[in-house]
Amino acid sequence: MENPENVIEVRNLEINFHTYAGEVKAIRDVSFDLRKGETLAIVGESGSGKSVTTRSLMGLLAPNAEIKKGSIMFHGDDIIKKSEKEMQHIRGKDIAMIFQDPMTSLDPTMRIGMQIAEPLMKHKGLKKKEAIAQALEMLKLVGITNPEGRINDYPYQFSGGMRQRIVIAIALVCYPEVLIADEPTTALDVTIQAQILDLMKDLQNRIDTSIIFITHDLGVVAGMADRVAVMYAGKIVEYGTVDEIFFNPQHPYTWGLLNSMPTLDTEGGSLSAIPGTPPDLLDPPVGDAFAARSDYAMKIDTQQEPPFFKVSDTHYAATWLLHPDAPKVTPPAEIVRRQQKFAAMQKPEAPIKSDTKE
Amino acid sequence: MRKYLLKRILYLFLTLFIVATATFFLMKLMPGTPLQNEAKLTASEKASILAQYGLDKPVWLQYITYIVGIFHGSLGLSFQFSDQAVSYLIGSRMGPSMQLGAQALVVGVIFGIILGAIGAIKKDTWADRLATILSILGIAVPSFVLAILFQYYVGLKLGWFPVAGWSGFAYTVLPTLALAASPLAETARFIRTDMVDVLSSDYIELAKAKGLSKFGIVYHHALRNSLIPMVTLIGPLAAALMTGSMVVENIFSVPGIGEQFVKSILVNDYPTIMGVTIFYSALLCVLLLLTDIVYGIIDPRIRLSGNGD
Ligand SMILES: Nc1ncnc2c1ncn2[C@@H]1O[C@H](COP(=O)(O)OP(=O)(O)OP(=O)(O)O)[C@@H](O)[C@H]1O
Ligand SMILES: [Mg+2]
């Protein structure tokens, strides 16, 4: 581990999928860290590679996937080099995962108590009875009312929100160091969403776990995450603290994402979707992959890939706009407003820009 | 639940009535009479025999007499076995047929599940392809062809099992195997398709994310979920077994209902043909009803009483 504060260090990860049409270059040189106890949000449009990235942490990639390059360090070992058997001891114990659709992610034919107990029996070697007893505790913890009466129920007897609580109970029952939540609230309605997010925050504090939170809904990120990584076309294009990404975004793609997000103070009309569609990953474009959809694209964006430019110690963005020689551009009005707010928050000086690579 | 059952039982009787009617008239359309093999009889002797069995009456009257008889619980008397009751005939021959059917079903379903599961787990490998070829063969080759092959090669050439007859377990082996091929193949195909679906479902993904081993995932999650819809297959499988058993019982000279049925058709023993048909139909209907009830019991999603056990 480069930094003892890190639980996971991903370096230069490249993942291809073999398909009949050719090689889909789904993850193209992704690096990031996950710190102890933090929540890292990964945001980006559909197909940007969020799920593939996190699945690689679990060793759960589709059979047609090939990891071309890179490393995923966890406890000083490279997860990529581990065998399936070794991964089975990590999954569900050290790194756990919550999926998007609670309606389908529970086994319809197994009592929920047993489903929560299963990881305990597998990883802690508990007998069924002890495991069920702990499962009961877990049910209480995730806020199922009358847990004693419901531990023997089947999934169909629960609502979507309740099922997601059960899925969370399964994920957290072994107190994993890392919890990966792949759009855990997308399938739920808004009030339930908020409850589930609160629950995750609460449990994170109690059992001290790091969370990777995947979403394409920036609105959810603000209250949830400590840091944010923005993904586009298989790359991370910008990352920083929540405040930095929300109030001082640098990459035109991040601008686009924020612009398409409804906020309380957006005046009518300023909400706009990003035009165009993401590039074909069978044949990714040269340079900045977002250039084709960007109003701020320069010639170099179509010729050479931008390196990460440092915005602050915690904030980096891969866009040529940050190059000292780049012309000064004015971001969309909404972003300017945000940046003004950020400047006010920071008080004395505006963020320092430099061309240092990471 | 009770209302549902009552409705189903009502339908069952309606079905049997239609089957009885259809069989009755189809039988009348068959060429020949019950007396065609009795060349020595004079015309008047024939007439008196026909009158004795009511066969001289108009067909509609015969039909009504028969249906009324059924409602009184009588399937009539056999022509060929000097006035034995058909119900007695069926009863006395039920044992071997049921034993063969049950053995074939158990063997077929168990090995079918194994073959299907291997196909699904090893999808798109040589093992899967072999399993697929085996199940296609099992479906395509009729049981009587298998019966003859087994009889000749395993029975006669290798001499491992008796060629025909019915006096001990060894005699059941070859007919059971011949009969088991079709349910085995059907089951394998069904389980494979079903399990491929199940294995790509979200809850299997979650099971993987729990760190369960491949075996654990298949054993604790995939198998149960693929087996539940299997229950719906038992009815059709049993039906296939019944038809299969008619010829297979004949080939191996098993004294079962199927063998009797074929003989009866050859001599136009109307009451026996009718009786066996109605018996088989009733058996099948009851099996299908039981299947639905069992399905409700083992699948918690459609279990009719809301809670746990
Ligand atoms: N098994 C696979 N075979 C081929 N391509 C794949 C496979 N799995 C993912 N991909 C491709 O990899 C890219 C990234 O997919 P991924 O599922 O990570 O996107 P995502 O960011 O999670 O999107 P979403 O928000 O829709 O979940 C997509 O272009 C997708 O088509
Ligand atoms: Mg995804």
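The values are calculated or read from the model by the stated rules, or taken from the named source; none is laboratory data. A quick note: this is a predicted structure, and the numbers were derived from the prediction, not measured. With ideal geometry, Cβ positions are generated from the backbone for all residues, glycine too; neighbour counts draw on all protein chains shown. For accessibility, only protein heavy atoms count, side chains too; no ligands or nucleic acids. Shrake-Rupley method; radii C 1.70, N 1.55, O 1.52, S 1.80 Å.
Summed over region A:163-187, residues that are part of a loop (DSSP other than H, G, I, E, B), away from ligand 1 (no atom under 16 Å from the Cβ) and buried (at least 19 other Cβ atoms within 10 Å of the Cβ) total 4.
Scanning region A:1-32 for residues that are over 16 Å from A:Met231 (Cα atoms) and not polar (S, T, N, Q) yields a total of 14. For beta carbons closer than 7 Å, sequence separation of 6+ or different chains, a first residue in region A:93-113 that is in a strand (DSSP E or B) and a second that is of a type in the set (Val, Ile, Thr) and more than 16 Å from ligand 1 (Cβ to nearest atom), the qualifying pairs are A:Ile95/A:Val178; A:Ile98/A:Val167; A:Ile98/A:Ile168. Restricting attention to region A:56-74 and to residues that are within 16 Å of ligand 2 (Cβ to nearest atom) and closer than 18 Å to A:Ala21 by Cα, the residue that is most open to solvent (accessible area, probe 1.4 Å) turns out to be A:Ala62.
When region A:91-109 is filtered for residues that are at the interface with chain B (Cβ under 7 Å from one of its Cβ atoms) and open to solvent by 10 Å² or more (accessible area, probe 1.4 Å), the ones remaining, listed by number, are A:Lys93, A:Phe99, A:Asp101, A:Thr104, A:Pro108.
Of the numbered conditions (1) within 30 Å of B:Met195 (Cβ to Cβ); (2) open to solvent by 50 Å² or more (accessible area, probe 1.4 Å), B:Gly101 satisfies every one except a single condition; which is it? Every condition holds for B:Gly101 apart from (2). Of note, A:Gly143 satisfies the criterion of being open to solvent by less than 40 Å² (accessible area, probe 1.4 Å), more than 16 Å from ligand 2 (Cβ to nearest atom) and part of a loop (DSSP other than H, G, I, E, B).
Looking across region B:34-91, the residues that are buried (at least 16 other Cβ atoms within 10 Å of the Cβ), in contact with a Lys or Arg (Cβ under 9 Å, 6 or more places away or on another chain) and farther than 20 Å from B:Leu16 by Cβ come down to B:Leu35, B:Gln80. The set of residues in region A:188-231 being acidic (Asp, Glu) and within 16 Å of ligand 1 (Cβ to nearest atom) consists of A:Asp217 alone.
All of A:Ala222, A:Ala229, A:Ala233 fail the test of being of a type in the set (A, V, I, L, M, F, W, C) and open to solvent by 20 Å² or more (accessible area, probe 1.4 Å), apart from A:Ala222. Residues in region B:188-203 that are facing chain A (nearest Cβ under 7 Å) and surrounded by fewer than 21 Cβ atoms within 10 Å (Cβ to Cβ): B:Ser201, B:Asp202. Here the condition is being more than 28 Å from B:Lys123 (Cα to Cα), more than 14 Å from chain B (Cβ to nearest Cβ), away from ligand 2 (no atom under 13 Å from the Cβ) and in contact with a Ser or Thr (Cβ under 6 Å, 6 or more places away or on another chain); of A:Leu40, A:Leu34, it holds for A:Leu34 alone. Residues that are β-branched (Val, Ile, Thr), part of a helix (DSSP H, G or I) and farther than 15 Å from B:Phe25 by Cα within region B:255-279 comprise B:Ile257, B:Val262, B:Val276, listed in sequence order.
For region A:56-71, what are the residues that are outside any loop (DSSP other than H, G, I, E, B) and within 15 Å of ligand 1 (Cβ to nearest atom)?
Step one: list which residues in region A:56-71 are outside any loop (DSSP other than H, G, I, E, B), which gives A:56-58, A:65-71.
Selection gives A:Ser56, A:Leu57, A:Met58, A:Ala65, A:Glu66, A:Ile67, A:Lys68.
Name the one entry in B:Ala239, B:Ala181 that is touching a Phe, Trp or Tyr at 6+ places or on another chain (Cβ under 9 Å) and assigned to a helix (DSSP H, G or I). Don't jump to the end; show me each part of the working.
Details: B:Ala181 fails: touching a Phe, Trp or Tyr at 6+ places or on another chain (Cβ under 9 Å).
The unique qualifying residue is B:Ala239.
I'd like to know if region A:226-237 contains one or more residues that are under 22 Å from A:Asp33 (Cβ atoms), of a type in the set (Asp, Glu) and away from every other protein chain (no Cβ under 14 Å). There is at least one residue in region A:226-237 that is under 22 Å from A:Asp33 (Cβ atoms), of a type in the set (Asp, Glu) and away from every other protein chain (no Cβ under 14 Å). Looking across region A:20-55, the residues that are open to solvent by less than 30 Å² (accessible area, probe 1.4 Å), among the polar types (S, T, N, Q) and not in a strand (DSSP E or B) come down to A:Ser48, A:Thr53, A:Thr54. Quick check on A:Thr277: is it within 16 Å of ligand 1 (Cβ to nearest atom), open to solvent by less than 10 Å² (accessible area, probe 1.4 Å), outside any strand (DSSP E or B) and closer than 26 Å to A:Asp301 by Cβ? Taking the combined requirement at face value, the residue does not satisfy it.
If the condition is being more than 14 Å from chain A (Cβ to nearest Cβ) and on the phi > 0 side of the Ramachandran plot, then region B:204-261 contributes only B:Ser253.
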